[in-house]
Amino acid sequence: MSGERVDRRRRPSSARARWGTRLRSLAASTGLLVRRRARRDAPLLVGWLALLCLAALIAVAVPRLVLDTVDRGARAAVAEVGADADLVVRAQVGDPDVSADYTSLPKIADIARLLPENLPDGLAGVSGAPSVSVLSPGIRLTRAVADPDAARVEAQFGLLGPDQSDGLTIVEGRLPAESADASEIEVVVSREAAEAASLTTGTVLDVPAPSVSTDGSDDAVSARVVGIVASAQPDSGTRCAPQWCDLPTMWAPDLQDSRTRGTVAQLTLLTTAEGLALVQPLSFDPIHASVRLPLHPERFTFALVTTVIDETDALEANAGFLAAGVGATVNVRTDFPDAMRSYGDRAAASVAQMSLMIASLFGALAAVMLLVSGLIVGRRSADLALERARGSSLGSVAVRGLAESLALAVFGVGAGVAVAALVAPGPFVDPSPLAVVCAIAVLAPAVRAALVAREAWSGRRQPANRRDRQLIAGRARVRRVVLEVTVVVLAVASLASVRSRGLVEARTEGTDPLLAASPLLLAVALTIVVLRLQPLAVRVAAAIAVRSRGAVGVLGAAHAMRSVAVLPLLALTLSVGLLLTGSLMVQTVREGQVDASWQRIGADARAEGVFDASTAGQARSEPGVTAASTQLVLTSVGVDSGAASALATMVAVDADFASVADLLPAGTVPDGSALDALAAAPTTDDSLPVLIDARLATRVDTDRLVVVVDQDRLTARVVGTFDGGPDGYLDAPFVYAELDTLSERLDEQLPASTLLVMGEGAAAAADSASGTTEAVSRTAWLEERRDQPLVQGVDRMTQLSAAAVALLAAIALVTTVASGSRSRSRSLSLLRTLGVRRGFGWLLAVAELAPLVVAALVGGAVASAAILFTVAPAIGLRILAGGLAEPALSVDAVTVVLVVAGGLALCAAAIVVDVVAHRRDRPGDVLRVGETT
Amino acid sequence: MTLQTDAKPRSASEFGADALIVCDNVVRIYQVEQIEVQALQGLDLLVDRGEMIAIVGASGSGKSTLLNVLSGLDVPTAGRARVGDWDLLRMSAADRLAYRRSVVGFIWQQTSRNLLPYLSAAENVALPMSFAGVRSRARTRRTAELLDAMGMGAKAARRPGELSGGEQQRVAIAVSLANRPQVLFADEPTGELDTATGADVFAALRTANESFGTTVVIVTHDADVSGQVQRTVAIRDGRTSSEVVRRTEIDMWGDSAVIAEEYAMLDRAGRLQLPAEYRAALGLRSRVRLDLESDHVGVWPDRAREPHRAREVEPK
């Protein structure tokens, strides 16, 4: 029986049978082979599962962390705006016959009731219950019983509605009741107002009627204080309680001294709707009603911020539908859009910085996944070659690979997602990273297995002609060069593009693709360049090594000359690049924050208030204070030189200012020589010696300068110019003068308005200084700045990315060591038969790994430098630092040394693991069997 | 599928028209960087159906390359190579797969390379049938048949690690016969085995040849093995250099004796390789003189150089 006949006989007859055969062939022994192979390779597959778990965790958690950062930032930003962010629907209450815009109190109640239903979706989700406030114009009242010692009263009548009644505590008397007497309004007043205006229960205040009342009558009414009340919480934390926000003098009466009228207490009297109805005719101006919708910061996300900005913009343009069904004219006021628009820039800056790290992290992750899958498949290459020789199709190899990788991906990725749910709970923000991880997890082992199987018996025919073979090899070389050049050009182009366009296109709800691609492309490009250059460097080192005595140099050089693989180099380059870029970027921001703190505070502590000449001396005597100075800041001072004039901020400093200035960083105050010139300037003539801002000096004639302080025109004599100045908290340009000289010229002893204190005890000294109304310290500013969610988010992302990438680098190194361990073990066994010591294995491992690690360190450092110097200026580091200009890049040698030492330590650890794992190898066994696992 | 029959029918005058395996002036050149190695330099070989031949040669003579080419694992650079109806130079990837599945089987020298270590003997034997899409019942039947034929039926459930080297090779032969191949190629099948075990393996190969009708081509250094086949082809410098043909003769008293005759190979271009010992004995060097006689060709040393060493070489 011939083989051909046998083949023909076995050939399936029908198409259906042929398909059946093909399917059986494709799925041949999949279960059996996958199961048995997995059992044999269990330790490797457990490692693969752990890597998949880590990858899924990173893929799920990182986008969540980014979103969480911008969401927390949004909540903090909304909270910072406080009550100003509230949506206030305003209407005027009055006689509709007077103006069609006027409405009635019942309609205001209706608007408040219907408001939640009429709100757009975004606002409805973030706003609380509306509260109604009604407040009359200010009316001067007179006491029925004169009290010359008491302050005069200028009151606004507010509605004691349900919102106000809740939470009021009656301190004395009772709440206003409905009164049949149309000439008397019962009111309650806060304890604070009562004390300020000397009001008690029973006090009657006459409300003068206008010369012609709005309804034509001239009946006067009076207000009787029937109760004194208190509120447990007029303010809730950093913002006012919604029901009191629009009654500003209810709990904080304003006392004003007037030369003509004496002390006037501006306060609020609460009354009933009937009482307000009596007040209404007494003023030409309408009563203002506000329906305030408090916005709850904790309900915000970044996406909602954008939505709410759009909705409030629309409402401010057209608020009519908020009163739909009521028939009233309303308008809307809120500071939310203006205050929150800047948050978009800050969020974009933080996302941009995180994107740089995330892209490198995902790049390293992908490279390590490919590397480990390659190790697994590499260990099976002999099996795959045998399967192929026994008639397995590539499809069949791929099917088995897919079956195994799919099962592993389900477990590994599932575990990662579960861990992510525990450590970083939240919604699926961006499924694409997880999809990529799943794709690599499922496809990489299968595709690599198919490639290995294909390469095992490629069946490619080579031309007989040498020239044709060279032509083919030449074409392959050209293809490789073109590909490499394309990647390098793409990397350069992406860097240039990101640098030129800045954050304009950066997305805050995810990772900006171009920004993310830049570090990846750069790392790939550098990997290519390093792969090209590394052999040259190794060759030089090897040439020196082979001259050494003994076998160490020759064998070490031979191992080092082996080419470095792409994937380990890419993974390690990305890891080193990320570690350096992330740490240096965070460090740059932190140092930028320190610089910004000097710009924003102007000293270790700054107090605003009214200070006399002794304040600085007293502050200096406080513990921990090294220098203190007071100064008078006069804003919008005219600087006139005849043909040109400008407005400037005048800073009149005391004699101690130079001691403070000596301790301040350059650029925040005039330099020492300019201050010396000011101090040494003669004050014998009438002119005022001044230092002027260099920017101002270019705009005015410094020879004939007049400084206009209030109404006084002082001839100024410019004794010097300076760059910089305290423009972090004052408006430039600046004019500096001596406070004493200025006082002399104005014939008035001017008090200082600002106290600058230096030293560890500065904050306490500024707080306790006599005359301080407000004090700020640099440490508090820095603390507040660093506690901002966006800054913390970038810090947190940097730390997590650094930890993750260090782990990935360790995996990459261990994988690389494991990949070469078989051949190294064989080499070592062979060498030991020639008399080489067992310890020579260390040298072989070092010789193999050293070129990779050194190349990765160099490549990563170059990548980091390229990113920092080209991209960093475009990603808004200034916004997170809080300074006036982009912070200077901070390259700390300690950080670089730590990263390099970390890389070498990881390398050493990987070698130790390998050497320990093979310490029991017996040369005879290794050489006889071939290779050990 | 690139069968020669698809292209054009073979003419009776074609070189090796009736042979199962035909190598006609096969060249295989390897090139690594700038180094070029000519492993096969115009090799000719014919193997008929049902033959059991051995290929011998020094290391680096090209015999393993030839085996890889014939196995469909490698492709010749030039020449013509055919196994059955399959043109080995024109096969597509799919053809190559079908060829490996149904036309050829292999055994390698390293016992561990022939079998998947995590499968039992029976599972290893069933695997190629699985890849060919054979139904489960047929696989089981064929597996049992093959293992029994190789004397391994009792150890069907054992894994390779639990078998001796010879047993592994016998299972490997069963594996290679699983899909009823026309040819079985064995590369040093007894290279790692002692003489007794090697004899068992050779017996298994003979079983494959005689019981299953499979043509067997063995590459070997083992003189015991090469001495037991019908024909031994020697390869030198990438060419077939000589052949030893054995036949059994029974004399008038009924005693049998194996008669081995060695032939030098004359290729299609008329090139002839003289054995080295012949050249040395007669001092034949770069140039010789040929004389055509009525029944033979005379090969004479160059008279101008060594006139007194002339001898006549008669064809055997």
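Any read-out appearing in this document is the output of simple, stated calculations on the displayed coordinates, not a laboratory observation. Keep in mind that this is a model prediction, so the values were computed, not measured. Cβ sites come from the backbone with ideal geometry, for glycine too, and all protein chains shown count toward neighbours.
Things worth noting here:
- Between 0 and 90°, nearest 10: helix A:336-379 axis offset from chain A longest Cα axis: 10
- Chain B: relative contact order in percent, alpha carbon pairs under 8 Å with at least 6 residues between: 18
- Per-residue packing, averaged as other Cβ atoms within 10 Å, sorts the ranges B:117-126, B:45-54, A:898-907, A:564-573 into the order A:564-573, B:117-126, B:45-54, A:898-907, beginning with the highest.
- Simple spin-label estimate for B:Glu261 and A:Leu23 in nanometres, 7 Å along Cα-Cβ: 5.9
- Put a dot 7 Å past the Cα of A:Ser768, heading toward its Cβ, do the same for B:Ala199, and the two dots end up 11.0 nm apart.
- The angle separating the long axis of helix B:136-149 from the principal Cα axis of greatest extent in chain B is about 50 degrees.
- Calculated P(r) of region A:104-205 - Cα pairs past 21 Å, %: 49
- Part-to-part distance (alpha-carbon centres) for region B:50-98 and region A:364-439, which is given in Å: 37
- Neighbour counting of Cβ atoms within 10 Å sorts the residues A:Asp676, A:Asp914, A:Asp656, fewest neighbours leading, into A:Asp676, A:Asp656, A:Asp914.
- Efficiency of FRET from Cβ geometry, A:Leu904 and A:Leu255, R₀ 51 Å, rounded to 0.05: 0.10
- At R0 = 51 Å, FRET efficiency that the Cβ-Cβ distance of A:Ile544 and B:Phe15 yields, to 0.05: 0.30
- Rounded to the nearest 20 debye, the dipole size of chain A about its Cα centre is 13400 debye, using +1 on the Cβ of Lys and Arg and -1 on the Cβ of Asp and Glu.
- Helix-only mean residue ellipticity at 222 nm for chain B, each DSSP H run of n ≥ 4 adding -39500 (n - 2.57), per residue, nearest 500: -8500 deg cm²/dmol
- GluC sites (Glu not before Pro), loop per DSSP, at most 11 other Cβ atoms within 10 Å - longest free stretch of chain A: A:179-747
- Look at A:Phe869, A:Phe362, B:Phe106 and count the other Cβ atoms within 10 Å of each Cβ; fewest to most, that gives A:Phe869, A:Phe362, B:Phe106.
- Choice from B:Glu167, B:Glu262, B:Glu14 showing the highest fluctuation, given a GNM over chain B with Cα pairs closer than 10 Å: B:Glu14
- Note that region B:205-312 shows a convex hull volume over its alpha carbon atoms of 190 Å³ per residue.
- For A:Arg878, net neighbour charge (Lys/Arg +1, Asp/Glu -1) across residues whose Cβ lies under 12 Å away: -2
- Surrounding net charge for A:Val145, when Lys and Arg each add one and Asp and Glu each subtract one, Cβ distance under 13 Å: -1
- Centre separation in Å (Cα based) which lies between region A:789-860 and region A:635-709: 62
- Point-to-point label distance, A:Glu195-A:Asp335, nm (Cα→Cβ direction, 7 Å offset): 2.8
- On Cα atoms only, tilt of A:394-423 relative to the major axis of chain A in degrees: 30
- Each of the peptides B:227-233, B:148-154 was scored by the mean count of other Cβ atoms within 10 Å over its residues; in descending order, highest first, they stand as B:227-233, B:148-154.
- If you run the Gaussian network model on chain B, springs between alpha carbon atoms under 10 Å, then out of B:Gln31, B:Gln109, B:Gln169 the most flexible one is B:Gln31.
- Inter-chain Cβ neighbour count for B:95-104, averaged per residue, equals 5 (cutoff 10 Å, partner chain atoms only).
- Note on A:Ala655/A:Ser183: beta-carbon distance plugged into 1/(1 + (r/R0)^6) with R0 of 51 Å gives a FRET efficiency of 0.20.
- Value of D in µm² per second that Stokes-Einstein yields for the protein assembly as shown, Kirkwood Rh from Cα pairs, at 25 °C (0.890 mPa s): 61
- Set of region A:94-137 residues, backbone N closer than 18 Å to the point 7 Å along the Cα-Cβ line of A:Glu274: A:105-106
- Residue order, fewest to most surrounding Cβ atoms within 10 angstrom, among A:His296, B:His221, A:His918: A:His296, B:His221, A:His918
- Computed over chain A, the per-residue total of -39500 (n - 2.57) for DSSP H runs of n ≥ 4 gives a 222 nm mean residue ellipticity of -18500 deg cm²/dmol, rounded to 500.
- Taken one residue at a time, the phi angles of region A:615-631 give Karplus couplings (6.51, -1.76, 1.60, θ = phi - 60°) of 4, 4, x, 5, 4, 4, 7, 6, x, x, 9, 9, 7, 8, 7, 10, 8 Hz. Gly and Pro are set to x.
- Taken residue by residue and averaged, Cβ atoms of other chains lying within 10 Å of the Cβ of A:25-35 number 4.
- On full extension, the segment bounded by A:Arg796 and A:Ala780 gains 3.7 nm, given 0.36 nm per residue less the C-alpha separation.
- Per-bin percent of Cα-Cα distances, region B:21-239 [10 Å]: 9, 34, 36, 18, 3, 0
- Extension reserve of the A:Val204-A:Asn465 stretch, reckoned as 0.36 nm per residue once the Cα distance is removed: 82.0 nm
- Dipole of region B:21-239 [Lys/Arg +1, Asp/Glu -1 at C-beta], most positive-end residue of B:Ala156, B:Thr190, B:Met52: B:Ala156
- Pairs of Cα atoms nearer than 8 Å and 6+ residues apart set the relative contact order; for chain A it is 15 percent.
- Region A:540-617: trypsin sites (Lys or Arg not before Pro) in DSSP coil with no more than 10 other Cβ atoms inside 10 Å: A:Arg547, A:Arg549
- Between A:Thr169 and A:Thr683, the contour length at 0.36 nm per residue exceeds the alpha carbon distance by 178.8 nm.
- For the protein assembly as shown, the antiparallel share of DSSP beta bridges with both residues in that region comes to about 70%.
- Take each residue of peptide B:75-88, count the partner chain Cβ atoms within 10 Å of its Cβ, and average: the result is 2.
- GNM result for chain B, Cα springs below 10 Å: residue of B:Ala98, B:Ala257, B:Ala199 fluctuating most strongly: B:Ala257
- Charge context of A:Asp313, other residues only, Cβ under 12 angstrom, K/R +1, D/E -1: -3
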